[in-house]
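Student: Pasting a structure here, questions to come.
The values are calculated or read from the model by the stated rules, or taken from the named source; none is laboratory data. Only a predicted model underlies this, so the values are computations on that prediction, with no experimental measurement involved. Here the Cβ positions follow ideal geometry from the backbone for every residue, glycine too, while neighbour counts run over all protein chains shown. SASA here: full protein model, heavy atoms, side chains in, ligands and nucleic acids out. Shrake-Rupley method; radii C 1.70, N 1.55, O 1.52, S 1.80 Å.
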Amino acid sequence: MPASLCDRQSPGDTPAVKVVASRRYPGPAFDELDDVEVLPLTTLDDALPDVEGLIVANEPVPFDLLPNLRIVANFGVGYDRIDLAACAERGVVVTNTPGVLDSATADLAFALILATRRQVVEGDRFVRSGGWTGSWSEGRLAEEVTGSTLGIVGLGRIGSAVARRARGFELRVLYTQRRRVETELAEFRDLGALLAEVDAVTIHAPLTPETERLIDARRLALLRDGACLVNTARGEIVDESALVAELVSGRIRAGLDVFAHEPHVPPEVFGLPNVVLTPHLGSATRQTREAMTRLVVDNLLALEHGEPPLTPIRG
Ligand code: DGY
């Protein structure tokens, strides 16, 4: 994790950068900003020429209303809704929060693998509904996790954190990504071969023009019957209608934390026993969200102190 700048900050010795934050971000670091106004971006309609810093959570930047912007500090690692080319053209630096959310996101991916394959949510619903009068029907037995084969799409920081967790479950781990790497964590497969071989596949790639709808109907069809797809990355990486069709047919299972048009979730999946749904919770632990705010604030303070940003995105 990059070193915190807070110890170096001496309030008052440099003029505070005026910042707009699209909401109040969690944790004490947010209060270290001397001149910050919380303004949901949808409520902005007059230009704010004195604002030089903007905090967003992967939201489009209203350049017209912020003509003197110098930095966009993104609360999150993914920045697919921020127009990097437009920022570069205007000389606006963009930063994100890599590293600090890897464990939380990998934990959630693993939770979804376990919950989906071991029917945790289905079992919970069954108990709460008062349906537990005898034994869990033999016809609805779960699939073992230990010893099964896991595929990871994108072996970056978060994908690698998942692969490390997989060791504890004695999983055989395969990975795919554009650039093949030498690693002890997982064996390389091309995407098609990986999908055909796994019991569960988990997505950890960024959303880019190359990864949008990467997992389309044809590729979903490669998954074995009963296999499970987990997505904690971006909904748009999977063709959502094709996924819904597969889930409605009952052929595969899914653990989904992200959706193509959040917060919209295709209603067809609500009643399905083979799907576990969470509302984009990948980084949503107190510790991680506070660390993300810390990094966002440190990037803004760096600008204020005339220092280079800690985690710039190089577009
Ligand atoms: C990210 O960091 O991109 C996550 O989606 C935010 O929780």
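Student: Looking at V72, V93, can you tell me which residue is open to solvent by 30 Å² or more (accessible area, probe 1.4 Å) and not small (G, A, S)?
Tutor: Answer to the selection: V93.
Student: Are there any pairs with C-beta distances below 6 angstrom linking a residue in the stretch 282-308 that is without any contact (Cβ under 8 Å) to a residue 24 or more places away in the chain to a residue that is of a type in the set (A, V, I, L, M, F, W, C) and not in a helix (DSSP H, G or I), with the two at least 6 apart or on different chains, and if so which?
Tutor: none
Student: Further question on the same structure: Please give the number of the condition E37 fails out of (1) out of contact with any helix residue (DSSP H, G or I) (no Cβ under 6 Å at 6 or more places or on another chain); (2) farther than 21 Å from L207 by Cβ; (3) assigned to a loop (DSSP other than H, G, I, E, B).
Tutor: Exception for E37: condition (3).
Student: Quick check: is even one residue across the stretch 134-142 among the aliphatic types (A, V, I, L, M), assigned to a loop (DSSP other than H, G, I, E, B) and over 14 Å from P273 (Cα atoms)?
Tutor: no
Student: Continuing with the same structure: Only one residue in A200, A233 is touching a residue at least 60 places away in the same chain (Cβ under 8 Å) and in contact with a His (Cβ under 7 Å, 6 or more places away or on another chain). Which one?
Tutor: Every option except A233 fails the conditions.
Student: Any idea how many residues of the stretch 249-304 are surrounded by fewer than 23 Cβ atoms within 10 Å (Cβ to Cβ), polar (S, T, N, Q), assigned to a helix (DSSP H, G or I) and within 13 Å of the ligand (Cβ to nearest atom)?
Tutor: 1
Student: What about L310, is it in a loop (DSSP other than H, G, I, E, B), more than 18 Å from the chain's Cα centre (by Cα) and under 23 Å from A106 (Cβ atoms)?
Tutor: yes
Student: So, one more: Filter the stretch 21-34 for residues that are part of a loop (DSSP other than H, G, I, E, B) and farther than 18 Å from R70 by Cβ; which is most open to solvent (accessible area, probe 1.4 Å)?
Tutor: R24
Student: Given (1) modelled with pLDDT of 95 or more; (2) over 30 Å from G192 (Cβ atoms); (3) not in a helix (DSSP H, G or I), identify the lone condition not met by A88.
Tutor: (3)
Student: I'm checking my understanding of the structure. Among residues of the stretch 95-115 that are assigned to a helix (DSSP H, G or I) and of a type in the set (S, T, N, Q), which one is nearest to the ligand (Cβ to nearest atom)?
Tutor: My answer is T105.
Student: When you go through R81, R157 one by one, which is the residue that is under 26 Å from R286 (Cα atoms), touching a residue at least 40 places away in the same chain (Cβ under 8 Å), open to solvent by 70 Å² or more (accessible area, probe 1.4 Å) and not aliphatic (A, V, I, L, M)?
Tutor: Just a single option satisfies the conditions, and that option is R157.
Student: Can you work out which of the residues in the stretch 40-55 that are open to solvent by less than 50 Å² (accessible area, probe 1.4 Å) and in contact with a helix residue (DSSP H, G or I) (Cβ under 7 Å, 6 or more places away or on another chain) is farthest from R70 (Cα to Cα)?
Tutor: Top of the filtered list is L44.
Student: Would you check which residues across the stretch 212-235 are surrounded by fewer than 19 Cβ atoms within 10 Å (Cβ to Cβ) and more than 15 Å from L195 (Cα to Cα) and list them?
Tutor: If the condition is that a residue be surrounded by fewer than 19 Cβ atoms within 10 Å (Cβ to Cβ) and more than 15 Å from L195 (Cα to Cα), then E212 is the only one that fits.
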